[in-house]
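Student: I am attaching a structure below and will ask some questions about it afterwards.
The values are calculated or read from the model by the stated rules, or taken from the named source; none is laboratory data. Predicted model only: the values in this text are computed from it and were never measured. As a convention, Cβ positions derive from the backbone with ideal geometry for all residues, glycine included, and neighbour counts pool all protein chains shown. To get the accessible areas, we keep the full protein, side chains included, count just its heavy atoms, and leave off ligands, DNA and RNA. Shrake-Rupley method; radii C 1.70, N 1.55, O 1.52, S 1.80 Å.
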Amino acid sequence: MQGYILHTQKVREEDLLIKVLTSNHLYTLYRFYGARHSIIHLGNKIDFYIEKDLREIGKLRDPIHLGFAWEKEMQKRYFWQQFLKLLHTHLKDIGSLESFYFELLEEGSMRLLKENPKRTILALYIKLLSFEGRNNSLQNCLICEKPLSEEVCITRGFVCGHTHCIKGEILSFSHLESLFSLQIELLEDDEVDKLFNVLMLGL
């Protein structure tokens with residue numbers, strides 16, 4: 001089967017506990033001598049099989065790195081790994097899950113070949129919010145519930161409000177409309193930086 005490594009945790013001297021997201025499951029697996037294997041890294045896509053033992057956690061066997069050309073670009077790899085860290089935290093108590101999350105990473109790994117990493121990850125996050133029913137309508141302020149004005153404050157979870165009601169990054173209403181309609185190419189680079197910083201606060 002194939003999956004993306006969302007988390008690694010060293011146990012003992014060189015063994016690892018690994019979280020792998022597949023098309024319908026988030027597995028926690030044991031990898032003997034994991035630190036010796038360069039392919040076991042956060043963000044990597046791997047092909048593998050699970051050796052099951054009724055008494056113990058499943059063991060990760062014969063992992064093969066399914067690499068992407070963009071992984072050689074340090075900046076893209078770094079931002080990708082940051083997003084997967086957040087996704088691990090978001091999904092950490094879930095075992096079985098919809099194929100959406102795996103397909104989202106499949107899409108992201110392809111888009112990173114040609115696109116700016118921050119813009120790609122923002123687009124993935126908007127799709128995640130929409131799938132989970134958390135997409136922002138931009139109709140009313142979260143705090144006072146009155147209609148939003150020309151300048152909007154956006155904070156963790158991409159929750160929006162008036163600048164005098166919540167603290168966060170300030171963007172124009174029209175540009176936030178572009179964000180939530182996935183027209184991220186219309187955003188300025190400094191706005192993308194602001195939004196990415198908000199995203200890094202948590203999914």
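Student: Taking interchain pairs and intrachain pairs at least six residues apart, which have beta carbon atoms under 9 angstrom, with the first residue in the range 145-168 and touching a residue at least 60 places away in the same chain (Cβ under 8 Å) and within 30 Å of LEU87 (Cβ to Cβ) and the second open to solvent by 40 Å² or more (accessible area, probe 1.4 Å) and assigned to a helix (DSSP H, G or I)?
Tutor: Hits for this filter: zero, empty list.
Student: Here's something else I'd like to know. Starting from residues that are touching a strand residue (DSSP E or B) at 6+ places or on another chain (Cβ under 7 Å) and of a type in the set (Gly, Ala, Ser), keep the ones in the range 92-145 and report whichever is least open to solvent (accessible area, probe 1.4 Å).
Tutor: So the residue we want is SER109.
Student: Right, next: Would you mind telling me which numbered condition in (1) without any contact (Cβ under 8 Å) to a residue 24 or more places away in the chain; (2) open to solvent by less than 90 Å² (accessible area, probe 1.4 Å) TYR33 fails?
Tutor: It fails just one condition, (2).
Student: I need every pair where a residue in the range 63-90 that is among the hydroxyl-bearing types (Ser, Thr, Tyr) has its Cβ under 8 Å from the Cβ of a residue that is at pLDDT below 95, sequence separation at least 6 or different chains.
Tutor: THR89/GLY202; THR89/LEU203
Student: Same structure again: Condition first: open to solvent by 20 Å² or more (accessible area, probe 1.4 Å), part of a loop (DSSP other than H, G, I, E, B), out of contact with any strand residue (DSSP E or B) (no Cβ under 7 Å at 6 or more places or on another chain) and not polar (S, T, N, Q). Now tell me which residues in the range 168-195 satisfy that.
Tutor: Within the range 168-195, LEU182, GLU188 meet the criteria.
Student: Which residues, counting only those in the range 61-79, are assigned to a helix (DSSP H, G or I) and under 13 Å from ILE46 (Cβ atoms)?
Tutor: GLU71
Student: Determine the pairs where a residue that is farther than 18 Å from ASN197 by Cα and in a helix (DSSP H, G or I), located within the range 103-131, has a partner that is open to solvent by less than 70 Å² (accessible area, probe 1.4 Å) and polar (S, T, N, Q) with Cβ atoms under 7 Å apart, the partner being 6 or more residues away or on another chain.
Tutor: So the pair list comes out as GLY108/THR120; ARG111/THR120.
Student: Step by step: first the residues of the range 17-28, then only those that are touching a strand residue (DSSP E or B) at 6+ places or on another chain (Cβ under 7 Å) and surrounded by fewer than 22 Cβ atoms within 10 Å (Cβ to Cβ), then the one that is nearest to GLN81 (Cα to Cα). Which residue is that?
Tutor: LYS19
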